[in-house]
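Only one structure is covered here, and it is reproduced in the block below.
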Amino acid sequence: VFARAGFSVLIADRSAEVAAAAHHRLVEEAQRFEDRGLFAGGAAAAIRQNLSAASSVDEAAAAADLVIEAVFEDLEVKTAVLRQISEAARAETIIGTNTSTMSVNTLKPAVSHPERFLNIHFFNPAPFIPGAELVASDETSDAVVEAVVDVLTRAGKRPAVVGDTPGMVVNRIQYAMLSEAFRVVEEG
(Lines give C-alpha, C1' and ligand atoms only; values in the text may rest on other atoms or scores of the structure.)
Protein backbone atom coordinates (compact mmCIF):
# COMPACT_ATOMS: atom_id res chain seq x y z
CA VAL A 1 0.00 0.00 0.00
CA PHE A 2 2.65 2.52 1.02
CA ALA A 3 5.18 1.54 -1.66
CA ARG A 4 2.52 1.75 -4.37
CA ALA A 5 1.70 5.27 -3.12
CA GLY A 6 5.36 6.34 -3.53
CA PHE A 7 6.63 5.98 0.03
CA SER A 8 10.00 4.34 0.63
CA VAL A 9 9.25 1.12 2.52
CA LEU A 10 11.48 -1.39 4.28
CA ILE A 11 9.99 -4.74 5.23
CA ALA A 12 11.56 -6.87 7.92
CA ASP A 13 10.95 -10.29 9.37
CA ARG A 14 12.61 -12.73 11.73
CA SER A 15 15.53 -13.10 9.31
CA ALA A 16 16.95 -11.36 6.25
CA GLU A 17 16.09 -14.42 4.17
CA VAL A 18 12.42 -14.38 5.20
CA ALA A 19 12.22 -10.64 4.49
CA ALA A 20 13.84 -11.12 1.08
CA ALA A 21 11.37 -13.88 0.23
CA ALA A 22 8.47 -11.66 1.29
CA HIS A 23 9.86 -8.83 -0.83
CA HIS A 24 10.10 -11.14 -3.85
CA ARG A 25 6.53 -12.40 -3.29
CA LEU A 26 5.11 -8.87 -2.96
CA VAL A 27 6.82 -7.64 -6.13
CA GLU A 28 5.61 -10.66 -8.12
CA GLU A 29 2.12 -10.33 -6.66
CA ALA A 30 1.99 -6.64 -7.62
CA GLN A 31 2.87 -7.52 -11.20
CA ARG A 32 0.14 -10.20 -11.31
CA PHE A 33 -2.38 -7.71 -9.92
CA GLU A 34 -1.37 -5.14 -12.52
CA ASP A 35 -1.50 -7.72 -15.33
CA ARG A 36 -5.04 -8.69 -14.25
CA GLY A 37 -6.16 -5.07 -14.07
CA LEU A 38 -6.49 -5.07 -10.29
CA PHE A 39 -3.73 -2.46 -9.93
CA ALA A 40 -3.38 0.58 -12.18
CA GLY A 41 -0.61 0.61 -14.74
CA GLY A 42 2.74 1.46 -13.17
CA ALA A 43 1.81 0.13 -9.72
CA ALA A 44 4.17 -2.83 -9.94
CA ALA A 45 7.04 -0.57 -11.01
CA ALA A 46 6.32 1.77 -8.09
CA ILE A 47 6.36 -1.13 -5.67
CA ARG A 48 9.54 -2.52 -7.19
CA GLN A 49 11.18 0.92 -6.84
CA ASN A 50 9.94 1.79 -3.34
CA LEU A 51 9.96 -1.56 -1.50
CA SER A 52 13.14 -3.06 -0.04
CA ALA A 53 13.89 -5.88 2.36
CA ALA A 54 15.81 -4.96 5.49
CA SER A 55 18.43 -7.26 6.93
CA SER A 56 16.77 -7.06 10.36
CA VAL A 57 13.91 -5.57 12.32
CA ASP A 58 16.43 -3.31 14.05
CA GLU A 59 17.71 -1.95 10.73
CA ALA A 60 14.18 -1.25 9.47
CA ALA A 61 13.05 0.37 12.73
CA ALA A 62 16.14 2.59 12.98
CA ALA A 63 15.55 3.97 9.48
CA ALA A 64 11.81 4.57 9.71
CA ASP A 65 9.55 7.50 10.52
CA LEU A 66 6.63 5.07 10.91
CA VAL A 67 6.84 1.39 11.85
CA ILE A 68 3.84 -0.93 11.70
CA GLU A 69 4.18 -4.26 13.49
CA ALA A 70 2.11 -7.00 11.84
CA VAL A 71 3.03 -10.27 13.54
CA PHE A 72 0.43 -12.88 14.43
CA GLU A 73 -2.02 -12.38 17.28
CA ASP A 74 0.00 -13.64 20.24
CA LEU A 75 0.50 -11.24 23.15
CA GLU A 76 4.01 -12.46 24.04
CA VAL A 77 5.22 -12.32 20.44
CA LYS A 78 3.68 -8.89 19.77
CA THR A 79 5.11 -7.54 23.02
CA ALA A 80 8.60 -8.83 22.22
CA VAL A 81 8.54 -7.43 18.68
CA LEU A 82 7.18 -4.06 19.82
CA ARG A 83 9.86 -3.86 22.50
CA GLN A 84 12.54 -4.61 19.89
CA ILE A 85 11.14 -1.97 17.53
CA SER A 86 10.91 0.57 20.33
CA GLU A 87 14.53 0.01 21.33
CA ALA A 88 15.82 0.29 17.75
CA ALA A 89 13.68 3.22 16.59
CA ARG A 90 14.39 6.89 17.12
CA ALA A 91 12.38 8.45 19.98
CA GLU A 92 10.18 10.38 17.52
CA THR A 93 9.39 7.38 15.28
CA ILE A 94 5.68 6.56 15.29
CA ILE A 95 5.05 2.92 16.17
CA GLY A 96 1.85 1.18 15.18
CA THR A 97 0.47 -2.27 15.75
CA ASN A 98 -1.86 -3.92 13.25
CA THR A 99 -3.60 -6.05 15.86
CA SER A 100 -7.20 -6.97 15.22
CA THR A 101 -7.91 -8.48 18.63
CA MET A 102 -5.81 -6.85 21.35
CA SER A 103 -6.25 -3.61 23.21
CA VAL A 104 -3.72 -0.96 22.30
CA ASN A 105 -3.45 -0.20 26.03
CA THR A 106 -2.46 -3.83 26.69
CA LEU A 107 0.39 -3.56 24.17
CA LYS A 108 1.44 -0.02 25.11
CA PRO A 109 3.83 -1.00 27.95
CA ALA A 110 6.17 -2.62 25.40
CA VAL A 111 6.83 0.78 23.79
CA SER A 112 8.97 3.54 25.24
CA HIS A 113 7.48 6.98 24.61
CA PRO A 114 3.91 5.60 24.51
CA GLU A 115 2.64 8.92 23.17
CA ARG A 116 3.89 7.74 19.75
CA PHE A 117 2.07 4.38 19.80
CA LEU A 118 -1.33 3.44 18.35
CA ASN A 119 -3.18 0.68 16.54
CA ILE A 120 -3.27 1.01 12.75
CA HIS A 121 -5.71 -1.74 11.83
CA PHE A 122 -5.80 -2.41 8.09
CA PHE A 123 -8.69 -4.34 6.58
CA ASN A 124 -7.92 -7.38 4.45
CA PRO A 125 -7.03 -7.50 1.71
CA ALA A 126 -5.18 -4.26 2.44
CA PRO A 127 -4.30 -3.43 -1.18
CA PHE A 128 -8.00 -3.37 -2.11
CA ILE A 129 -9.98 -2.35 0.98
CA PRO A 130 -9.52 1.38 1.59
CA GLY A 131 -10.56 1.41 5.24
CA ALA A 132 -8.26 1.43 8.24
CA GLU A 133 -9.15 1.89 11.90
CA LEU A 134 -6.90 3.96 14.15
CA VAL A 135 -7.06 3.31 17.86
CA ALA A 136 -5.14 5.62 20.17
CA SER A 137 -4.02 4.46 23.58
CA ASP A 138 -4.80 6.58 26.62
CA GLU A 139 -1.35 8.17 26.10
CA THR A 140 -1.16 8.56 22.30
CA SER A 141 -0.68 12.19 21.34
CA ASP A 142 -3.19 13.93 19.09
CA ALA A 143 -0.29 14.97 16.83
CA VAL A 144 0.61 11.30 16.24
CA VAL A 145 -3.00 10.44 15.36
CA GLU A 146 -3.13 13.40 12.95
CA ALA A 147 0.19 12.40 11.35
CA VAL A 148 -0.99 8.82 10.80
CA VAL A 149 -4.34 10.01 9.39
CA ASP A 150 -2.36 12.18 6.97
CA VAL A 151 0.04 9.46 5.81
CA LEU A 152 -2.75 6.91 5.42
CA THR A 153 -4.82 9.37 3.41
CA ARG A 154 -1.84 10.10 1.16
CA ALA A 155 -1.48 6.32 0.68
CA GLY A 156 -5.08 6.10 -0.53
CA LYS A 157 -6.62 4.83 2.69
CA ARG A 158 -9.73 6.16 4.41
CA PRO A 159 -8.83 6.07 8.10
CA ALA A 160 -11.37 6.25 10.90
CA VAL A 161 -10.40 7.00 14.49
CA VAL A 162 -12.31 4.63 16.77
CA GLY A 163 -12.33 3.71 20.45
CA ASP A 164 -10.30 0.91 22.01
CA THR A 165 -12.84 -1.91 21.94
CA PRO A 166 -12.12 -5.66 21.81
CA GLY A 167 -12.08 -6.88 18.21
CA MET A 168 -12.16 -3.33 16.77
CA VAL A 169 -15.33 -1.84 15.33
CA VAL A 170 -15.43 -3.30 11.82
CA ASN A 171 -14.59 -6.84 12.96
CA ARG A 172 -17.39 -6.76 15.51
CA ILE A 173 -19.91 -5.61 12.92
CA GLN A 174 -18.58 -8.10 10.37
CA TYR A 175 -18.88 -11.03 12.79
CA ALA A 176 -22.43 -10.01 13.74
CA MET A 177 -23.37 -10.07 10.04
CA LEU A 178 -21.56 -13.39 9.54
CA SER A 179 -23.40 -14.92 12.49
CA GLU A 180 -26.72 -13.81 11.03
CA ALA A 181 -25.73 -15.19 7.61
CA PHE A 182 -25.05 -18.59 9.21
CA ARG A 183 -28.51 -18.49 10.82
CA VAL A 184 -30.12 -17.72 7.46
CA VAL A 185 -28.33 -20.69 5.87
CA GLU A 186 -29.30 -22.97 8.77
CA GLU A 187 -32.93 -21.92 8.32
CA GLY A 188 -32.78 -22.90 4.67
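The values are calculated or read from the model by the stated rules, or taken from the named source; none is laboratory data. These numbers were taken from a predicted model, which means no experiment stands behind them. When we count neighbours, we look across all protein chains shown, and the Cβ atoms used for this are built from the backbone with ideal geometry, even at glycine. Calculation scope for accessible area: heavy atoms of the full protein, side chains included, ligands and nucleic acids excluded. Shrake-Rupley method; radii C 1.70, N 1.55, O 1.52, S 1.80 Å.
Select from the range 101-156 the residues that are out of contact with any Asp or Glu (no Cβ under 7 Å at 6 or more places or on another chain), closer than 20 Å to Val81 by Cβ and touching a residue at least 60 places away in the same chain (Cβ under 8 Å) and list them in ascending order. Result: Phe122, Ala126, Val148.
Taking the stated definitions as given, is Phe72 modelled with pLDDT under 95, of a type in the set (Phe, Trp, Tyr) and surrounded by fewer than 20 Cβ atoms within 10 Å (Cβ to Cβ)? Yes; evaluated as a whole, the condition is true for this residue.
This table checks each residue for (1) open to solvent by 30 Å² or more (accessible area, probe 1.4 Å); (2) assigned to a strand (DSSP E or B); (3) at pLDDT 95 or above.
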residue: Glu133; (1), (2), (3): no, yes, no
residue: Asp138; (1), (2), (3): yes, no, yes
residue: Ala147; (1), (2), (3): yes, no, yes
residue: Val170; (1), (2), (3): yes, no, no
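Would you tally the residues in the range 132-153 being in contact with a Pro (Cβ under 9 Å, 6 or more places away or on another chain) and of a type in the set (Gly, Ala, Ser)? The number of residues fulfilling the criteria is 2.
Residues that are in contact with a strand residue (DSSP E or B) (Cβ under 9 Å, 6 or more places away or on another chain) and among the acidic types (Asp, Glu) within the range 58-109 comprise Glu59, Asp65, Glu69, listed in sequence order.
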